[in-house]
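The values are calculated or read from the model by the stated rules, or taken from the named source; none is laboratory data. Just so we're clear, the structure is a prediction, and the values are computed from it rather than from any experiment. Glycine gets a Cβ as well: all are built from the backbone with ideal geometry, and neighbour counts include every protein chain shown. To get the accessible areas, we keep the full protein, side chains included, count just its heavy atoms, and leave off ligands, DNA and RNA. Shrake-Rupley method; radii C 1.70, N 1.55, O 1.52, S 1.80 Å.
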Amino acid sequence: MKAPNAQHIALIGNFLPRKCGLATYTTDTYTALTKRFPDLKVDVYAMDDHPGRYDYPEAVTGSIPQHERSAYLDTARAIEASGAQALWVQHEYGIYGGPAGEHLIALLDRLTIPVIATLHTVLENPNADERRVMEALLRRASRVIVMAEKGRDILKRVHAADDRKILMIPHGVPDRAFADPEAFKPRFGWQGREVILTFGLLAPSKGIETMIEAMPAIAAARPDALYVILGATHPNLVAHEGEAYRERLQALAADLGVAGNVAFVDGFVEQGELLDYLQAADVYATPYPNPAQITSGTLSYAVAVGKPVVSTPYIHATEILADDHGALVPFNDSAAFAREIVRLLADKPARLALAERAYARGRTMLWPRLAETAMEVLGGILASKPRRFARPPAKPLMPLKPDIAAVERMSDATGMLQHSIYSVPDRRHGYCIDDNARALILMSKIDDVDEALRDKWTSVYAAFVQYAWNPELRRFRNFMNFDRTWCEDVGSEDSNGRALWALGVTARDARAQKHRDWASALFDATAPIALELGSPRARGFAMLGAAAMLDAHPGHALSREILTRFGEELIELLDGNRRPEWSWFEIVLAYDNARLPEALLRAGVALGRSEFTSVGLETLEWITAQQTSPEGRFRAVGTESFGREYAPPMQFDQQPLEAQATVEACAAAWEATSERRWVEEATRAYRWYLGANDLDMPLASAQDGGCFDGLMPHGLNRNQGAESILALQLANCAISALSKATGNVATPLRAAVA
């Protein structure tokens with residue numbers, strides 16, 4: 001049979017030979033899919049709690065070390081590159097890394113394909129992390145599958161889930177002919193015994209004690225009764241205490257005088273043998289003590305082969321055994337288990353009738369039916385997925401006018417707040433010098449602002465930078481709480497470099513002499529720290545400040561020293577790390593990459609050093625090539641790329657800071673060369689804000705000067721933090737200044753801006 005609208009999917013979950021119920025389920029799902037749909041390609045990504053321990057079969061495309069977040073991101077990239085049309089996730093708490101398994105969400109957030117998820121546990125009372133992760137999964141998934149209608153109810157009631165996204169598909173089961181237990185008992189030496197069976201990984205959560213405590217009454221009425229406990233001890237329990245739990249159960253049976261009526265089969269048996277064990281049983285018991293258990297593969301298998309079941313009324317049991325398809329008894333009630341089991345063992349016709357009803361219900365749960373239903377759902381999702389039509393012809397659009405409305409929204413008397421939730425400032429994260437330094441630069445760059453307003457905000461941001469200086473330790477602080485207490489005594493090197501940059505620009509460009517005087521004095525007092533900075537970017541930022549300071553005060557000795565020393569050291573870095581395909585200062589890409597070529601270009605012009613200019617142009621040309629998509633659009637180096645040695649950039653997450661840096665670096669290149677191509681490169685980077693990007697989605701909010709925080713694989717990060725807003729507004733200023741300088745004030749830009 002051909003899978004509807006799907007030829008290739010990916011599957012994530014545990015996988016055999018890992019020994020657990022979820023591994024069995026995922027393996028059975030894979031087998032059902034490939035048998036029912038022979039033309040369907042299924043890539044399996046196995047969750048790995050002990051990397052290197054499992055000898056996975058060829059079906060496993062790759063494994064994901066549970067606690068390595070980077071492996072989840074690598075897997076997302078692999079899935080995207082594979083051509084898979086959709087991902088099917090088997091979700092269970094405890095198998096994914098991070099709080100409540102949040103590493104899985106990091107993977108899903110980097111996929112552009114539809115996702116469906118089978119929920120093996122749905123919690124009535126999730127903790128904060130469990131709730132957060134589940135609701136993130138519900139937002140990301142096109143459909144979620146539950147195995148009991150109660151799961152649907154909980155999702156709607158606890159998580160406000162959309163009922164249209166929830167699908168109930170019972171736990172899949174194998175296909176076995178209905179059989180007389182007597183035909184299978186000789187294989188296990190159980191002739192003449194009335195067998196009660198429980199199977200699954202042995203753990204205290206299974207309620208085995210309840211059944212052992214029922215055995216004295218059962219044995220008194222049915223002396224040949226044998227309670228078989230089939231299954232290895234749960235690996236997590238073995239790691240913690242060895243076989244102590246099994247030994248306690250054996251001791252309990254001995255103490256109750258029923259050691260001869262209780263048998264332990266220690267092992268993780270293959271499916272064929274497991275079904276033989278099941279078919280040798282007269283009665284199946286599930287004494288689980290947890291009423292919230294929403295899924296039980298063991299119960300499903302027992303029903304599938306037609307076992308009369310006696311069970312506690314946990315969620316899955318109440319649904320699958322409803323309408324007289326099994327017997328339900330109270331939790332932890334050994335007497336009730338004994339009573340029901342003795343009744344069934346004593347009344348063979350009633351037992352057989354119950355077995356036949358259970359078997360008939362099992363017919364509705366066979367694995368092929370699960371595979372067909374899931375693929376029908378996936379086919380519908382793929383069929384309804386919007387097609388990407390050819391892009392419309394370019395529409396002319398004027399560059400956005402610089403606008404400080406969103407900057408003001410994020411600012412108060414202390415300074416500019418760092419983060420927001422959507423467009424509303426988030427005071428929990430306070431302030432930082434990075435953003436206030438950028439805001440101070442903006443106050444010098446922006447033209448059409450009421451001068452009283454400019455004066456007010458310049459003073460606020462300047463005061464923040466001034467207060468951040470720690471004279472005792474000779475460093476700027478960076479992070480401040482909302483209550484104006486500092487989070488640290490010394491900020492990062494990059495934040496110190498950025499503060500010097502803001503002071504240099506303010507000393508040159510501030511509209512009021514009082515602010516230029518203030519910035520010049522504070523630069524002179526603090527800039528000697530630049531010579532102690534080691535980070536290439538921190539040095540680059542300091543160079544930009546020094547170049548501006550040298551413009552403001554020609555002959556400024558310290559600025560000349562900063563530009564000369566750091567410019568020469570940047571060239572040394574390039575020479576040491578260069579490869580035929582790698583013309584860059586470092587062996588990795590990071591953030592604000594274009595600032596390094598810009599620093600060399602500004603230094604070359606300021607000092608008349610042609611080699612600085614030449615290397616600045618070479619490296620800017622290289623980084624702009626790295627920031628170009630196959631369609632020729634600007635593609636900011638994604639944060640996933642950071643730290644990967646000599647590796648090409650990854651596509652996501654793309655941040656507004658990168659486009660701003662590129663616009664301003666290209667403006668520096670134009671100033672150094674007067675070559676028109678650098679205006680075109682700056683314009684291409686600027687268009688990224690307006691929608692000329694990988695997702696055809698504008699990040700700029702034309703109504704109020706806001707800017708979204710980035711491009712994710714699935715869409716926009718719709719928060720509007722200070723860094724993003726400032727990046728847009730500084731890019732607006734830069735592109736406006738460049739347009740005026742080149743005599744092309746009304747440069748049309750193709751985009752669609754909300």
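A few remarks follow.
- Among the residues of the range 541-570, those identified as open to solvent by 30 Å² or more (accessible area, probe 1.4 Å) and in a helix (DSSP H, G or I) are ASP551, ALA552, ALA557, LEU558, ARG560, GLU561, THR564, ARG565, GLU568, GLU569.
- Test: residue in the range 693-713 that is closer than 30 Å to ALA606 by Cα and open to solvent by 10 Å² or more (accessible area, probe 1.4 Å): no
- Filtered by the rule that a residue be open to solvent by 30 Å² or more (accessible area, probe 1.4 Å), of a type outside the set (D, E, K, R) and in a helix (DSSP H, G or I), the range 172-187 gives ALA183, PRO186.
So that you can scan it fast, the table gives a plain yes or no per residue for (1) open to solvent by less than 10 Å² (accessible area, probe 1.4 Å); (2) free of Cβ contacts under 8 Å to residues at least 60 places away in the same chain; (3) not hydroxyl-bearing (Ser, Thr, Tyr):
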position	(1), (2), (3)
GLY616	yes, yes, yes
ILE623	yes, yes, yes
SER641	yes, yes, no
TYR646	no, no, no
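- Tally, over the range 571-584, of residues that are open to solvent by 50 Å² or more (accessible area, probe 1.4 Å) and touching a helix residue (DSSP H, G or I) at 6+ places or on another chain (Cβ under 8 Å): 1
- Residue in the range 147-155 that is more than 24 Å from GLY297 (Cβ to Cβ), touching a residue at least 12 places away in the same chain (Cβ under 8 Å) and surrounded by 17 or more Cβ atoms within 10 Å (Cβ to Cβ) present: no
- Restricting attention to the range 310-347, the residues that are at pLDDT 95 or above and assigned to a helix (DSSP H, G or I) total 13.
- Search result, residues across the range 416-463 that are among the hydrophobic types (A, V, I, L, M, F, W, C) and touching a Phe, Trp or Tyr at 6+ places or on another chain (Cβ under 9 Å): MET416, LEU417, CYS432, ILE433, ALA437, ALA439, LEU440, ILE441, LEU442, MET443, VAL449, ALA462
- Qualifying residue in the range 90-113 (condition: at pLDDT below 95, within 17 Å of the chain's Cα centre (by Cα), surrounded by fewer than 17 Cβ atoms within 10 Å (Cβ to Cβ) and within 17 Å of ALA10 (Cα to Cα)): yes
- Residue in the range 464-483 that is within 22 Å of PHE541 (Cβ to Cβ) and of a type in the set (Val, Ile, Thr) present: yes
- Among the residues of the range 60-77, those identified as under 18 Å from GLN90 (Cα atoms), within 21 Å of the chain's Cα centre (by Cα) and open to solvent by less than 70 Å² (accessible area, probe 1.4 Å) are GLY62, SER63, ILE64, PRO65, GLN66, ALA71, TYR72, LEU73, THR75, ALA76.
- Qualifying residue in the range 38-59 (condition: open to solvent by 20 Å² or more (accessible area, probe 1.4 Å) and in a helix (DSSP H, G or I)): no
- The one condition in (1) modelled with pLDDT of 90 or more; (2) surrounded by 12 or more Cβ atoms within 10 Å (Cβ to Cβ); (3) of a type in the set (D, E, K, R); (4) more than 26 Å from GLY297 (Cα to Cα) that LYS385 fails to fulfil: (1)
- Tally, over the range 78-89, of residues that are within 14 Å of PRO713 (Cβ to Cβ) and over 15 Å from the mean Cα position of the chain (by Cα): 2
- In the range 590-608, residue nearest to the chain's Cα centre (by Cα) [restricted to those that are buried (at least 23 other Cβ atoms within 10 Å of the Cβ) and assigned to a loop (DSSP other than H, G, I, E, B)]: ASN593
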